[in-house]
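For reference, the structure discussed in these notes is given below.
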Amino acid sequence: MSQEGEQEQSDRKKYEFRKVIEDLKNYEGSGTQLVTIYVPDDRQVSDVVAHVTQEHSEAANIKSKQTRTNVQDALTSIKDRLRYYDTYPPENGMVLFSGAVNSGGGQTEMVTKVLEEPPQPVESFRYHCDSNFLTGPLEEMLTDKGLYGLVVLDRREANVGWLKGKRIEPVKSASSLVPGKQRKGGQSAQRFARLRLEAIDNFYQEVAGMANDLFVPKRHDLEGILVGGPSPTKDEFLDGDYLHHEIQDKVLGKFDVSYTDESGLRELVDNAEDALADAEVIKDKQQMEEFFKELHAGNLATYGFAETRENLMMGSVDRLLISEDLRKDVVTYECGECDNTDREMIDRRKATPGHTCSACGADVEADDEDREDAIEHLMSLAEQRGTETKFISTDFEKGEQLYNAFGGVAGILRYSTGV
């Protein structure tokens, strides 16, 4: 399989895991009755069964009859699932979830899910029983790779944060007490200049302290550090050796930015494109820049669910662009009057609406069996026709526009279709 194909398979698997995690996070139990078990791939299944059996026995001591019954039912369900596995779990291990979750109106329903072969190996065996499923370790596995430290500053304010894969995360900020260049009455020019230099030095030390606290513990994982600001501020900061020596060598470069608030972190990433050539967010930007170029000056762009799907069906889409934040379903409407088929993309949280047939105008109803995840629907069509799928982050302006202005779905065409 090509590198692009492997990346696409990885992206799809991550999306499927992310969707399951989002569902699991929405579940809630009455009391500590939701069971989560993380199993590494070197842990024998028989050992896990023995542990579950022991927990089932100890659950008999739970005072609340309802909680006791629910915990034991969850453990029995997990034990039943473990019978399908041989001596060891699948590659990278697995995670099991089971419990009676609130379904509204004072009712509960039993939910049991097994996630096999997570994106990264399960590091250690873990048994957890609480009112929520334990999804944190799985969410960590799905964090995009590539970690960069970000610093933007001038003499008035500073912001420090991360670039994690595609996501820019502001973490700390500071404002300075550096006086303006105009001295107040009564102060000599020499004394004022000295006080101002001391204030600047103190502010640089404060900014370096924020950066050191954030970056030094992660120094072995850091791909690099980017520093942005106006001249001469960023030059003074770096030339003054304010940063800890273990991260000073991680600085990839210094870049001019107009802002030093949180938006300055995004501007810094934009301006450091050459230094970040291999970063995931830059690859997303390049895809969107090509899309907008074709949209405004070419004829190889398509957008919107209906138009993009039609082009996919024709085999004309080279790359399918899907927003990472898209959470919608595709509803299929089969008209009984004229055998026409229509499809609409709707919010996943909303009930299936009625529909008017586009061919004959008849009223058409659909039920939940006629719904499927929009991303899976589009990716399946793409795979059948040799189309690459690219997931686009919303952590930069054009990525946000894909989600907000184009419905989260677009494509770059192989050839113009007029659709």
**Complete:** For the stretch 283-290, Karplus-derived ³J(HN,Hα) couplings (6.51, -1.76, 1.60; θ = phi - 60°; whole Hz; x for glycine and proline) come out as 5, 4, 4, 5, 4, 6, 5, 5
**Request:** Could you run the Karplus curve 6.51 cos²θ - 1.76 cosθ + 1.60 with θ = phi - 60° over the stretch 221-238 and give me ³J(HN,Hα) per residue in whole Hz, x for Gly and Pro?
**Result:** 9, 5, 7, x, 10, 10, 10, x, x, x, 7, x, 4, 5, 5, 4, 5, 6
**Asked** Where only protein heavy atoms count, and the probe is 1.4 Å, what is the accessible area per residue for the chain in Å²?
**Response** 51 Å²
**Request:** Could you tell me which Cys residues in the chain have no other cysteine's Cβ under 4.7 Å from their own Cβ, answering none if every one has a partner?
**Result:** Cys129
**Fill in**
Expected field for Asp325, accessible surface area in Å² at 1.4 Å probe radius, rounded to 10, holds 60 Å²
**Request:** Under 19 Å from a label point 7 Å along Cα→Cβ of Ala60: give me every residue in the stretch 88-127 with its amide N that close.
**Result:** none
**Request:** Can you send over the carbon and sulfur percentage of the accessible area for the stretch 186-265, probe radius 1.4 Å, protein chains only?
**Result:** 45 percent
**Item:** Degrees between helix 65-82 axis and first principal axis of the chain (Cα, 0 to 90, nearest 10)
**Value:** 80 degrees
**Message:** Students sometimes get this wrong: rank Leu214, Leu197, Leu138 by accessible area, probe 1.4 Å, all chains present, largest first.
**Reply:** Leu197, Leu214, Leu138
**Solvent accessible area, Å² - Met141, 1.4 Å probe, full protein context** = 20 Å²
**Prompt:** Once the other residues with Cβ under 12 Å from the Cβ of Phe203 are scored (Lys, Arg +1; Asp, Glu -1), what is the net sum?
**Reply:** -3
**Item:** Rounded to 5, the percent of DSSP beta bridges in the chain classed as antiparallel
**Value:** 80 percent
**Message:** Cut-off under 17 Å on the C-alpha distance; same-chain residues fewer than 8 positions from Lys79 excluded. Which lysines are left, in chain and number order?
**Reply:** Lys113
**Net charge contributed by nearby residues that have their C-beta within less than 14 Å of Gly240 (K/R +1, D/E -1)** = -4
**Request:** Give the carbon-plus-sulfur fraction of the accessible surface of the stretch 1-146 in %, rounded to a whole number; probe 1.4 Å, heavy atoms of protein chains only.
**Result:** 41 percent
**Item:** Beta bridge orientation in the stretch 144-256: antiparallel %, DSSP, nearest 5
**Value:** 60 percent
**Item:** Nearest-10 value in Å² for the accessible area of Ser188, using the 1.4 Å probe
**Value:** 60 Å²
**Message:** Let me check something: with ligands and nucleic acids excluded, how do Tyr204, Tyr27 order by accessible area (1.4 Å probe), largest to smallest?
**Reply:** Tyr27, Tyr204
**Item:** Extension gain (nm, one decimal) between Asp239 and Tyr415, 0.36 nm per residue minus Cα-Cα
**Value:** 58.2 nm
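With all protein chains present, how much of the accessible area of the stretch 282-363 (probe radius 1.4 Å) comes from carbon and sulfur, to the nearest whole percent?
42 percent
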**Request:** For Lys390, enumerate residues with amide H under 5 Å from its amide H, sequence gap 5+ or separate chain, H modeled in the peptide plane.
**Result:** Leu320, Leu321, Ile322
**Message:** Given the DSSP H assignment, sum -39500 (n - 2.57) over each helix run of at least 4 residues in the chain and divide by its residue total; what's the result at 222 nm in deg cm²/dmol, nearest 500?
**Reply:** -12000 deg cm²/dmol
**Asked** Expressed as a rounded percentage, what relative contact order does the stretch 78-228 have, with Cα pairs under 8 Å and six or more residues apart?
**Response** 18 percent
**Complete:** Plugging the Cβ-Cβ distance of Ser103 and Val251 into 1/(1 + (r/R0)^6) at R0 = 51 Å yields, to the nearest 0.05, a FRET efficiency of 0.45
**Percentage relative contact order, the chain, counting C-alpha pairs under 8 Å, at least six apart** = 13 percent
**Fill in**
The answer for the per residue Cα convex hull volume of the stretch 132-280, in Å³, is 125 Å³
**Helix axis angle, 305-314 relative to the chain longest principal axis, alpha carbon, degrees** = 70 degrees
**Asked** Once you list every other residue whose beta carbon is under 10 Å from the beta carbon of Ile412, what net charge do they have if Lys and Arg are +1 and Asp and Glu are -1?
**Response** 0
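The values are calculated or read from the model by the stated rules, or taken from the named source; none is laboratory data. Predicted model, so just to flag it, every value in this text is computed and none were measured. Every residue, glycine among them, receives a Cβ derived from its backbone with ideal geometry; neighbour counts consider all protein chains shown. Calculation scope for accessible area: heavy atoms of the full protein, side chains included, ligands and nucleic acids excluded. Shrake-Rupley method; radii C 1.70, N 1.55, O 1.52, S 1.80 Å.
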